[in-house]
Amino acid sequence: MIRILFVCHGNICRSPMAEFTFKDMVEKKGLCDQFLIESAATSSEEVWRGVGNPINPPAAAVLKYNDIGLTPYTNYDAKRARQITKADYDRYDYIIGMDRWNVRNMTALFGGDPQKKVHMLLDYTGIYGREVADPWYTNDYEMAFSDIKEGCEALMKYLLRKM
């Protein structure tokens, strides 16, 4: 089983969009039983008293517009933000951040990245250092989704070559 954790700052926009976009791709290829796909935040800002906020409505709207979330496997209604933990390093094979700050915060939490599990999503496109802009600040959820989809497609190609 390939275990993937997508990570952004709050786990209400980019990382859940990546989680469910990738789940949609996996489901369409009939590979659901070969993947564990989840998402988390580097911060605790969207988690209150142990309960995470749901996906930001504009992010959910972009997923819905792109026909993601229509099956039990891709349904994001129950998704709640959660903060990444040090234990996640051992649980996942790929820990994929949306920008440099995510990667910096994750490697600080993990005490480094000795197994080279931490990457930025768009690195899989071959353009290293390219970031998925945070739509919370840019208000461009469509552009974030476009970048996320491009990164997820490239990640899928990479993983299929390794399978």
| Test result for A81, small (G, A, S), closer than 18 Å to R14 by Cβ and at pLDDT 95 or above | yes
| task | Looking for whichever is part of a helix (DSSP H, G or I), of a type in the set (D, E), farther than 14 Å from A18 by Cβ and out of contact with any helix residue (DSSP H, G or I) (no Cβ under 8 Å at 6 or more places or on another chain) here; the options are D90, D77. Which one fits? | result | D90
| When only residues in region 110-163 that are without any contact (Cβ under 8 Å) to a residue 40 or more places away in the chain and of a type in the set (F, W, Y) count, which is nearest to N11 (Cα to Cα)? | Y137
| message | The conditions are (1) out of contact with any His (no Cβ under 6 Å at 6 or more places or on another chain); (2) surrounded by 14 or more Cβ atoms within 10 Å (Cβ to Cβ), and S43 fails exactly one of them. Which is it? | response | (1)
| request: Considering only region 12-40, state which residues are farther than 17 Å from F110 by Cβ and not hydrophobic (A, V, I, L, M, F, W, C). | output: R14, P16, E19, T21, K23, D24, E27, K28, K29, G30, D33, Q34
| remark: Counting only residues in region 99-157 that are among the β-branched types (V, I, T) and assigned to a helix (DSSP H, G or I), the one farthest from the chain's Cα centre (by Cα) is identified as T138
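The values are calculated or read from the model by the stated rules, or taken from the named source; none is laboratory data. Worth saying up front: this structure is predicted, and the values here are computed from it rather than measured. With ideal geometry, Cβ positions are generated from the backbone for all residues, glycine too; neighbour counts draw on all protein chains shown.
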